[in-house]
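Here is the structure we will look at, set down as structure tokens.
The values are calculated or read from the model by the stated rules, or taken from the named source; none is laboratory data. None of the values given here were measured: they were computed from a predicted structure. Ideal geometry is used to build each Cβ from the backbone, glycine not excepted, and the neighbour counts take in all protein chains shown.
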Amino acid sequence: MLKATAVVALVGFLSGWPLTAHGEDASREKCTCDVEHGLVQQHGAVVNNATACWSTVDVQRQWCQITVQALEGGSQHEAIISELIKADDPASLVALIQKLAAGSTSGNEQSEVTEAKTELPAVIKSFDKLAVTCIDGFLKPSENKGDRTNIHEDAFDCSVGRETGWLRLSYKVGEVQFVFMIAPHA
């Protein structure tokens, strides 16, 4: 059996098949921004000790800003999770996400980002029901993380990481992408 596995791995390597034992880079599911996705994260940034954050990405300039909203070991992460649990209808969830997004970027952005930020509340509202569905999938315990909700529609993406269980809510306004990322609750 071991010889057969070694032969398959060698053939896969020589033929160019991508062989990964653990799937995609799990760090991409966490507090990060990377405008060019590839096998190795070469662009953007990552915050290793964060459990909740917002990433603002200007795709045209390959620029990103990450605002940490909760750090490992702090109580803010569980407070955000608790608010997500309480916001079980579209209107209250939209209000919560808009509140979290309001503090997500500083006033130092380029004009494109500033303009996009003014349109963000309306974009968040337009995908309210999809966000409720995805966040519900994030909050409900599941043996198989691969069964969790993944939604990709127009200017909205929502996924729960298969490797880490992190929630990623993404809203796109023009060339600017606003992404909320949060670790699963303990």
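Figures for the structure shown
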| item | result |
| --- | --- |
| Members of the range 142-176 that are modelled with pLDDT of 85 or more, surrounded by fewer than 15 Cβ atoms within 10 Å (Cβ to Cβ) and charged (D, E, K, R) | 153, 154, 175 |
| Criterion (at pLDDT 90 or above, touching a strand residue (DSSP E or B) at 6+ places or on another chain (Cβ under 7 Å) and under 22 Å from residue 164 (Cα atoms)) met by exactly one of 75, 55 | 55 |
| Residues within the range 51-81 that are farther than 27 Å from residue 137 by Cα and in contact (Cβ under 8 Å) with a residue 60 or more places away in the chain, tallied | 3 |
| Positions within the range 153-186 being β-branched (Val, Ile, Thr) and over 9 Å from the mean Cα position of the chain (by Cα), in sequence order | 164, 173, 176 |
| Members of the range 97-141 that are surrounded by 14 or more Cβ atoms within 10 Å (Cβ to Cβ), modelled with pLDDT under 90 and in a loop (DSSP other than H, G, I, E, B) | 104, 105, 109 |
| Qualifying position, being farther than 23 Å from residue 34 by Cβ and either in contact with a Cys (Cβ under 9 Å, 6 or more places away or on another chain) or surrounded by fewer than 14 Cβ atoms within 10 Å (Cβ to Cβ) (or both), among 58, 88 | 88 |
| Sole exception among (1) at pLDDT 90 or above; (2) not in a helix (DSSP H, G or I); (3) not hydroxyl-bearing (Ser, Thr, Tyr) for residue 84, by number | (2) |
